[in-house]
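Asks: Mind looking over this structure? Questions follow.
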Amino acid sequence: MKNALKNTVAACATVLIALASQNISAKNVDLPMTSPSSTTSTLLYIGTYTGKGSEGIYRFRLDNATAKLHPEGLAAKVSNPSFLALAPDQKHLYCINEIENFHEKRSGAATSFSVDHGSGELKQIDQAVSGGTGGCYISVTPDGKAVLVANYGSGSVALLPISGIGGLEEPTSVAQHEGSSVVAKRQSAPHAHCIRPDPSGRFAVAVDLGIDQIIAYRLATDSQTMDTSAPIVNKTTAGAGPRHIAFHPNGKLAFVSNELNSTITAYEWSSENGTLTEIVSTSTLPANFDQANYPAEVLVHPSGRFVYLSNRGHNSVAVFEVDPETGEMTTAGHEPTRGDHPRGMSLSPSGEFLIVANQDTGSLVVYRINQDTGMPEFADQYEGINRPTGIQFL
């Protein structure tokens with residue numbers, strides 16, 4: 001009798017173990033996909049406008065094989081990190097904080113972080129005033145010794161030296177722009193929208209939407225100051241509202257997105273004297289589109305053959321084929337962004353992928369770039385990030 005009871009218990013235990021194994025297997029099937037390893041993926045950071053569900057900079061991994069984005073959560077809690085920039089050695093990340101007051105001062109701010117390449121973790125190092133209000137853009141000099149910031153609200157640009165450990169010092173150079181232009185609602189005062197070094201590292205080139213000017217400031221050889229006493233002023237078409245500038249890999253061409261008249265302009269750039277000579281200006285829209293539209297980001301493909309521009313309103317990526325010798329552009333087509341208000345976008349370092357941030361619909365869209373035609377081909381869409389803006393690949 002005892003042996004029969006033992007056999008029954010053993011049989012029941014065997015069944016329970018088998019059922020448990022089946023349940024575990026079933027649960028494993030339903031588990032969400034884990035992030036790809038760092039050897040098969042690319043790490044990237046997304047800046048946002050905070051509040052209304054967003055807390056700062058978010059971290060994602062892009063699976064290079066499947067072109068899918070895998071969210072890894074909040075990378076840094078910080079206010080309105082609307083634009084991001086990476087140091088040349090990729091050890092530090094910088095953001096502009098698009099705010100009006102910082103530490104009881106009427107100013108925006110800039111923040112620096114150290115980057116852990118294994119985990120992607122960001123650790124805040126320092127913050128400093130941006131030299132004006134409503135900061136909207138940040139970039140790093142080619143030698144990694146300073147950041148350049150543009151302040152839309154006050155219409156000023158500034159240079160902040162970087163300390164040896166990635167810290168930020170107070171601005172050593174601040175240029176306050178002056179003037180206005182012809183579009184009363186948007187150009188009654190200066191609005192610096194972008195500043196970045198030219199490829200040679202000789203100039204800081206500032207784009208001001210409010211006064212229709214692109215202003216070059218000569219950088220000191222140690223990048224610790226920029227000469228604000230002798231700016232080189234390049235005038236654009238009245239009412240164009242230049243927003244962002246991107247340089248060609250050859251260092252001789254530049255492309256500017258014009259927010260107020262929906263055009264893109266190609267320029268010949270002189271790294272000797274800081275001048276821009278217009279080559280051609282063309283519409284960023286199809287001929288049959290007549291609604292409001294505001295171009296935002298402009299990017300040059302690493303091959304130098306294609307230029308990309310985000311259209312807010314038409315909600316598309318405009319693609320242009322470029323002659324690297326002459327700078328002439330041909331419209332290759334328009335790809336929908338599948339969301340509203342594509343403010344920021346970024347090309348992967350290899351030029352294989354393009355990611356677009358739709359600010360108003362809270363989505364990130366991944367495209368593979370056709371290397372022959374330059375056209376973005378839809379691959380994946382991630383929804384659930386609030387008010388995404390700047391994108392920075394690691």
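The values are calculated or read from the model by the stated rules, or taken from the named source; none is laboratory data. Treat the numbers as computed from the prediction; the structure is a model and nothing was measured. As a convention, Cβ positions derive from the backbone with ideal geometry for all residues, glycine included, and neighbour counts pool all protein chains shown. Heads up: the accessible areas ignore ligands, DNA and RNA and are worked out on the full protein's heavy atoms, side chains in. Shrake-Rupley method; radii C 1.70, N 1.55, O 1.52, S 1.80 Å.
Asks: Just to be sure I understand, how many residues within the range 374-383 are open to solvent by less than 30 Å² (accessible area, probe 1.4 Å) and assigned to a strand (DSSP E or B)?
Replies: The total comes to 2.
Asks: Which count do you get for residues in the range 353-367 that are out of contact with any His (no Cβ under 7 Å at 6 or more places or on another chain) and either open to solvent by 70 Å² or more (accessible area, probe 1.4 Å) or of a type in the set (Phe, Trp, Tyr) (or both)?
Replies: Matching residues across the range 353-367 total 3.
Asks: On the given criteria, is Val115 modelled with pLDDT of 95 or more and more than 23 Å from His193 (Cα to Cα)?
Replies: Judged against the criteria, Val115 is a match.
Asks: Would you mind stating whether Val256 is touching a Pro at 6+ places or on another chain (Cβ under 8 Å) and either open to solvent by 10 Å² or more (accessible area, probe 1.4 Å) or over 26 Å from Tyr45 (Cα atoms) (or both)?
Replies: No: the conditions fail for Val256.
Asks: Take the conditions open to solvent by 50 Å² or more (accessible area, probe 1.4 Å), assigned to a strand (DSSP E or B) and of a type in the set (Lys, Arg) and apply them to Arg343. Does it pass?
Replies: Here the answer is no, as Arg343 does not meet what is asked.
Asks: Name the residues in the range 314-338 that are under 17 Å from Leu354 (Cα atoms), open to solvent by less than 20 Å² (accessible area, probe 1.4 Å) and either assigned to a loop (DSSP other than H, G, I, E, B) or of a type in the set (Ser, Thr, Tyr) (or both), would you?
Replies: Those that are under 17 Å from Leu354 (Cα atoms), open to solvent by less than 20 Å² (accessible area, probe 1.4 Å) and either assigned to a loop (DSSP other than H, G, I, E, B) or of a type in the set (Ser, Thr, Tyr) (or both): Ser316, Thr337.
Asks: Now for a different question. Has the range 104-112 got any residue that is at pLDDT 95 or above, over 20 Å from the mean Cα position of the chain (by Cα) and open to solvent by 10 Å² or more (accessible area, probe 1.4 Å)?
Replies: no
Asks: Take the residues of the range 51-71 that are free of Cβ contacts under 8 Å to residues at least 60 places away in the same chain and within 29 Å of Leu148 (Cα to Cα): which is most open to solvent (accessible area, probe 1.4 Å)?
Replies: Restricting to residues being free of Cβ contacts under 8 Å to residues at least 60 places away in the same chain and within 29 Å of Leu148 (Cα to Cα), the top hit is Glu55.
Asks: Additional query: Of these, Asn311, Asn386, which one is assigned to a loop (DSSP other than H, G, I, E, B) and among the polar types (S, T, N, Q)?
Replies: Asn386
Asks: Is it the case that the range 283-302 has a residue that's more than 15 Å from the chain's Cα centre (by Cα), farther than 19 Å from Ile245 by Cα and in contact (Cβ under 8 Å) with a residue 24 or more places away in the chain?
Replies: yes
Asks: So, in the range 136-159, exactly how many residues are farther than 27 Å from Glu259 by Cα and buried (at least 24 other Cβ atoms within 10 Å of the Cβ)?
Replies: Matching residues across the range 136-159 total 1.
Asks: Filter the range 143-169 down to residues that are out of contact with any strand residue (DSSP E or B) (no Cβ under 6 Å at 6 or more places or on another chain) and either under 17 Å from Ala216 (Cα atoms) or of a type outside the set (A, V, I, L, M, F, W, C) (or both), then give me how many there are.
Replies: 6
Asks: Could you list, ordered by first residue, the pairs with Cβ atoms under 9 Å in which the first is in the range 332-352 and under 15 Å from Pro286 (Cα atoms) and of a type in the set (S, T, N, Q) and the second is open to solvent by 20 Å² or more (accessible area, probe 1.4 Å) and assigned to a strand (DSSP E or B), at least 6 apart or interchain?
Replies: Note: no pairs meet the criteria.
Asks: Same structure again: Looking at (1) closer than 27 Å to Gln371 by Cα; (2) in contact (Cβ under 8 Å) with a residue 24 or more places away in the chain; (3) of a type in the set (Gly, Ala, Ser), which is the one condition that is false for Gly274?
Replies: Checking Gly274 against (1) closer than 27 Å to Gln371 by Cα; (2) in contact (Cβ under 8 Å) with a residue 24 or more places away in the chain; (3) of a type in the set (Gly, Ala, Ser), the one that fails is (1).
Asks: Which residue, of Asn250, Asn261, Asn288, Asn273, is open to solvent by 30 Å² or more (accessible area, probe 1.4 Å), farther than 13 Å from Tyr308 by Cα and at pLDDT below 95?
Replies: Only one candidate passes the filter, namely Asn288.
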